[in-house]
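Working notes, beginning with the structure itself.
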Amino acid sequence: MAKRDRLSGNEAVAIALRQINPDVFPAFPITPSTEIPQYFASFVANGQVDTEFIPVESEHSSMSAAIGASAAGARSLTATSSCGLAYMWEELYIAASNRLPLALALVNRALSGPININCDHSDSMGARDSGWIQMYAENNQEAYDNMVQAYRISEHKDVRLPIMICQDGFITSHAVENIELLEDEEVKKFVGEYSPENYLLNPECPMAVGPYSITDYYMEAKRNQAEGMKHVSQVVLDVAKEYAGISGRAYGLFEEYRMEDAERAVVMIGSAAGTTKDAIDRLREKGEKVGLIKIRLYRPFPASEIAEALKNVKAVAIMDRAEGYTNHGGPLGADVMSALYRARGNALAVNYIYGLGGRDVRVEDMEGVFEALKQIIEEGGAGEAYRYLGLRE
């Protein structure tokens, strides 16, 4: 039976981890993810978990320790934000290339500089091509639900890749919302025990982790990673279907909100989707055909599925909470436009950079985006396809 509670996103993720009871949790504090290991440390101190909690001297060390624990056969994870993720950079690639199914609770925060402690997606977007699975949450409930599902995805025999569970710093991590928690036993049964096939402490199967890969083997190793990533989307859907059976909450690769007859649509990631839904509801009351696609699984990118969802849309605004510095938009914009091009989509597309460094995004701002899409349709062209939203001139 579900238990109702009022929790911040950080508390919700920490509780999910308590219910999972991982083997090893190395951690180093950084705003705004510090609360996750802080709450978890109290669970350790109170004997609510039997996790080996390791305070380390840096984020590089926390990911290194998580990798070592995972390679040894333990279920491991860590948590970080912003510059902490940047400090882990080398280790992110090592975790993925070794096909280690560990987890990272990432609370999105602007990556310096200039220094800023508020939300945007520059940290995780910088790591988008490191070989990690990336999942994003709109709200605290989704942060909890994604964390409960994380290990079932990353540990799947056809995947075996590390997973990054992302939520927006301060917007969800510290804001308190009503959410529903599963019973501890339900989570324990759903996640199951970790049974690695190959691990360093297995005396029956000696193995090496992280050996030097000469030219004759390196490319095959990277192709092996790509093969694991090919299976992620279907595993995500299968795990979500099973999760819906115990929680009543359905998840996919992305959420379609009022897209059934939409002529104008927004594609975005994270908490601003809630603001956009309010704008859509207002405009729908006026008879305007508008909708939203909210990305949940960003890596691997569900390109063909998104193109299919947008096939009847006349104009689309792709919203990036990170700059790509390509002079033509951000990373999500590039991915969606590529998907539309490959599918020979007809939608006129424009890419907005928004919400950097925690800049507020209001319902009225998103109504303005939909109004701009109306003008694009009327004029038959996107005009300036690389725009900023809410910029002080």
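Here are the numbers for the structure shown:
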| read-out | value |
| --- | --- |
| Qualifying positions in segment 38-50 - over 15 Å from VAL13 (Cα atoms) and either of a type in the set (Lys, Arg) or out of contact with any Ser or Thr (no Cβ under 9 Å at 6 or more places or on another chain) (or both) | ALA45, ASN46, GLY47, ASP50 |
| Residues of segment 29-42 satisfying the condition of being assigned to a helix (DSSP H, G or I) and crowded, with 20+ Cβ neighbours inside 10 Å | GLU35, ILE36, PRO37, PHE40 |
| Output for segment 1-23, where each listed residue is over 18 Å from VAL187 (Cα atoms) and more than 21 Å from the chain's Cα centre (by Cα) | ARG6 |
| Which listed residue, of GLY383, GLY390, GLY355, is free of Cβ contacts under 8 Å to residues at least 40 places away in the same chain and under 26 Å from ASP123 (Cβ atoms) | GLY390 |
| Condition met for GLY252 (closer than 30 Å to ASP184 by Cα and surrounded by fewer than 11 Cβ atoms within 10 Å (Cβ to Cβ)) | no |
| Any pair with Cβ under 8 angstrom, 6 or more apart, that starts in segment 48-64 at a residue that is in the same structural domain as ILE15 (by TED's automatic domain parsing) and farther than 15 Å from LEU104 by Cα and ends at one that is at pLDDT below 95 and not β-branched (Val, Ile, Thr) | none |
| Hits in segment 333-368 (condition: touching a helix residue (DSSP H, G or I) at 6+ places or on another chain (Cβ under 8 Å), hydrophobic (A, V, I, L, M, F, W, C) and outside any loop (DSSP other than H, G, I, E, B)) | VAL336, ALA339, LEU340, LEU348, ALA349, VAL350, LEU356, VAL363, MET366 |
| Strands (runs of 3 or more DSSP E) contained entirely in segment 78-185, each with at least 3 residues that are more than 18 Å from LEU253 (Cβ to Cβ) | 103-108, 176-181 |
| Lone unmet requirement of (1) part of a loop (DSSP other than H, G, I, E, B); (2) touching a residue at least 24 places away in the same chain (Cβ under 8 Å); (3) touching a Pro at 6+ places or on another chain (Cβ under 9 Å) for ASN10 | (1) |
| Within segment 192-224, considering residues that are in contact with a Gly (Cβ under 9 Å, 6 or more places away or on another chain) and of a type in the set (Phe, Trp, Tyr), the one modelled with the highest pLDDT | TYR194 |
| Any chance VAL24 is buried (at least 18 other Cβ atoms within 10 Å of the Cβ), touching an Asp or Glu at 6+ places or on another chain (Cβ under 6 Å) and within 29 Å of SER247 (Cα to Cα) | yes |
| Selection count where residues are of a type in the set (Phe, Trp, Tyr) and either closer than 23 Å to ALA41 by Cα or without any contact (Cβ under 8 Å) to a residue 24 or more places away in the chain (or both), scope segment 65-113 | 1 |
| Top-ranked residue in segment 94-110 [being of a type outside the set (Lys, Arg) and more than 22 Å from ASP23 (Cα to Cα); ranked as nearest to the chain's Cα centre (by Cα)] | ASN108 |
| Close pairs from segment 205-218: first in the same structural domain as ALA96 (by TED's automatic domain parsing), partner in a loop (DSSP other than H, G, I, E, B) and of a type outside the set (S, T, N, Q), Cβ under 8 Å, at least 6 apart | MET207/TYR199; MET207/LEU200; VAL209/LEU200 |
| Selection from segment 211-233 of residues that are closer than 27 Å to PHE301 by Cα and either outside any helix (DSSP H, G or I) or acidic (Asp, Glu) (or both) | GLU220, GLU227, HIS231 |
| Members of segment 49-77 that are in a loop (DSSP other than H, G, I, E, B) and either of a type in the set (A, V, I, L, M) or within 15 Å of LEU102 (Cβ to Cβ) (or both) | VAL49, THR51, VAL56, ALA72, GLY73, ALA74, ARG75 |
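The values are calculated or read from the model by the stated rules, or taken from the named source; none is laboratory data. It should be emphasised that the depicted structure is a prediction, and the values quoted were computed from it without experimental measurement. A quick note on method: Cβ atoms are made from the backbone with ideal geometry, for glycine too, and the neighbour counts reach across all protein chains shown.
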